[in-house]
Structure formats: structure tokens, C-alpha cells
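Step one of this worksheet: look at the structure below.
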Amino acid sequence: MDPIYFWEDHIKDVPIYKNLIQNYVQIKEEILNYLKYKNSLFDYPKYVVFGKQLYDNYWKACPLSNFEGEFISDNATEMEKIYINQIIQTAKQCCPTIDSIICDLEKQSDLKNAFISRLIPGSTINPHHGWTDQFLRIHLGIVCDPNCKITVGNETKTWEEGKILAFKDGGPFLHSVEHKGTSERIILSVDVKLSYLSQYVDYINKC
């Protein structure tokens with residue numbers, strides 16, 4: 001089988017894919033209302049990868065679930081974890097539609113690492129692999145700019161409002177983002193375990 005860099009066309013039968021698409025209007029409204037609060041977003045950790053900082057200029061995010069196999073979970077102190085959990089609970093209360101979609105999978109440990117992500121023009125996320133290869137990262141476009149683009153392996157795409165992009169964050173291919181547009185890019189990102197997705201896509205662990 002040829003390499004698969006983006007997985008959105010392969011996961012259309014997965015319930016969370018359908019739920020995110022069907023509830024896009026409410027999800028967008030909740031996220032944009034939440035982002036009006038002061039200090040609703042936090043700097044994404046700027047760890048070093050391949051001798052460079054992970055990103056340049058601006059990348060801010062807000063967690064909506066617990067994290068697993070990520071820089072945040074592996075390096076946070078106990079006090080930081082308590083603070084992060086408080087942020088998560090506040091964000092969940094402000095985004096009840098999102099919480100209703102992810103909560104069951106989260107309870108089953110089939111979903112982790114859900115967060116709101118914002119980039120502004122001139123920002124770059126340098127080529128890197130994610131910290132864990134056990135998940136598929138699913139992005140729902142909330143506010144998009146056609147000149148903010150993501151490259152996975154040898155394929156480049158851009159986000160579209162109300163549509164899904166999906167890739168293996170910790171998979172075999174490097175990925176990066178370059179924002180050459182003129183407006184912000186906001187997405188909802190969730191990681192779903194490959195072991196769960198394999199009941200819908202039997203080859204997902206092989207590619």
C-alpha cells in the first residue's frame with residue numbers, strides 16, 4: 001500500500017468524525033465565545049526538536065482533556081498537573097458540545113490530548129514527530145486561512161472550516177506548519193487511539 005499521509009478520507013465512518021462535522025456550528029460558537037475570555041489560551045510548550053525550537057512566533061492552545069504521551073504530561077510537576085486539570089474543567093464547561101462528543105471515548109481511554117489551537121500569520125511549526133505513535137490526530141477547522149498549510153511527509157494541505165484533517169502525529173512521517181496568510185487559524189484537535197479506530201479501518205496500524 002502507498003504511504004498514507006492524511007487519513008480523513010479513511011475515517012468517515014468513525015462516529016467521532018461524524019459528530020464533529022454534524023456539530024460544527026455549535027462547536028465553532030462555543031470555541032469563539034470561550035476565546036473571548038482573557039488568558040483563555042496558553043503558550044504551547046517550546047521544546048527543542050532537531051536542534052530547533054518546536055515553533056517560531058506564536059502558537060497558543062487550551063486543553064480540553066487529559067494528556068498522554070505528550071511533552072505536557074511527561075514533564076509537568078504535580079502542581080502544574082493540578083492547574084492544568086482546573087483549566088480543562090473550565091474549558092469543558094464553556095464547550096459542552098465538544099465535551100459531550102469526547103467524554104465517552106475519554107472515559108474509555110480511547111481519546112486524549114484534545115485542545116483548541118491558534119496560530120497567527122508569520123508563525124511556523126518546524127518539522128517534528130509527535131511524542132506517541134498510538135493515536136491519530138484529528139483536526140476540525142474552526143477559523144481558517146488558505147495560506148496556512150500543514151505538510152505531512154510529502155503532502156501539503158490547508159484546513160477548511162467545518163472539515164476534518166487527520167494524520168498520525170507520532171507516525172513515521174515528519175509534519176510541519178507554515179502560516180503565510182493574513183488571518184488567524186483556529187482548530188479543534190483531538191487524538192483518538194489507533195486501537196479504537198482499527199474496528200473501523202482495519203489497516204490503520206499497518207500504514
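The values are calculated or read from the model by the stated rules, or taken from the named source; none is laboratory data. Predicted model, so just to flag it, every value in this text is computed and none were measured. Don't worry about glycine lacking a Cβ; one is built from the backbone with ideal geometry, like all the others, and counts go over all protein chains shown. For the accessible areas, the whole protein counts, side chains as well, though only heavy atoms, and no ligand, DNA or RNA atoms are used. Shrake-Rupley method; radii C 1.70, N 1.55, O 1.52, S 1.80 Å.
Sort through G162, G130, G153, G141 and tell me the only one that's small (G, A, S), touching a Leu at 6+ places or on another chain (Cβ under 9 Å) and farther than 26 Å from N33 by Cβ. Write out each step before concluding.
On the way: G162 fails: farther than 26 Å from N33 by Cβ; G130 fails: touching a Leu at 6+ places or on another chain (Cβ under 9 Å); G141 fails: farther than 26 Å from N33 by Cβ.
After applying the criteria, what remains is G153.
Of all residues in region 1-37, those being among the aliphatic types (A, V, I, L, M), open to solvent by 40 Å² or more (accessible area, probe 1.4 Å) and either in contact with a Phe, Trp or Tyr (Cβ under 7 Å, 6 or more places away or on another chain) or closer than 30 Å to N154 by Cβ (or both) number 2.
Summed over region 1-57, the residues that are among the hydroxyl-bearing types (S, T, Y) and out of contact with any helix residue (DSSP H, G or I) (no Cβ under 8 Å at 6 or more places or on another chain) give a count of 4.
So which residues in region 106-137 are buried (at least 21 other Cβ atoms within 10 Å of the Cβ) and over 17 Å from A61 (Cβ atoms), if there are any at all? Residue satisfying the conditions is L136 alone.
Hey, which of the strands (runs of 3 or more DSSP E) in region 88-207, taking only ones fully inside, have at least 3 residues that are without any contact (Cβ under 8 Å) to a residue 40 or more places away in the chain? Give the derivation first.
Working: elements: 111-119, 124-128, 135-143, 148-152, 155-158, 164-167, 175-179, 185-193.
In region 88-207, the matching strands (runs of 3 or more DSSP E) lie at 148-152.
Which count do you get for residues in region 38-53 that are buried (at least 18 other Cβ atoms within 10 Å of the Cβ) and over 15 Å from the mean Cα position of the chain (by Cα)? Summing the residues that are buried (at least 18 other Cβ atoms within 10 Å of the Cβ) and over 15 Å from the mean Cα position of the chain (by Cα) in region 38-53 gives 1. When you check F50 against the structure, is it more than 20 Å from S189 (Cα to Cα) and at pLDDT 85 or above, yes or no? Spelling it out, F50 is indeed more than 20 Å from S189 (Cα to Cα) and at pLDDT 85 or above.
Each row is one residue, and each column tells you yes or no for (1) open to solvent by 40 Å² or more (accessible area, probe 1.4 Å); (2) among the charged types (D, E, K, R); (3) in contact with a strand residue (DSSP E or B) (Cβ under 6 Å, 6 or more places away or on another chain); (4) under 16 Å from Y5 (Cα atoms).
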residue: K163; (1), (2), (3), (4): yes, yes, yes, no
residue: F167; (1), (2), (3), (4): no, no, yes, yes
residue: G171; (1), (2), (3), (4): no, no, no, yes
residue: L174; (1), (2), (3), (4): yes, no, yes, yes
residue: E178; (1), (2), (3), (4): yes, yes, yes, no
residue: L188; (1), (2), (3), (4): no, no, yes, no
residue: V201; (1), (2), (3), (4): no, no, no, yes
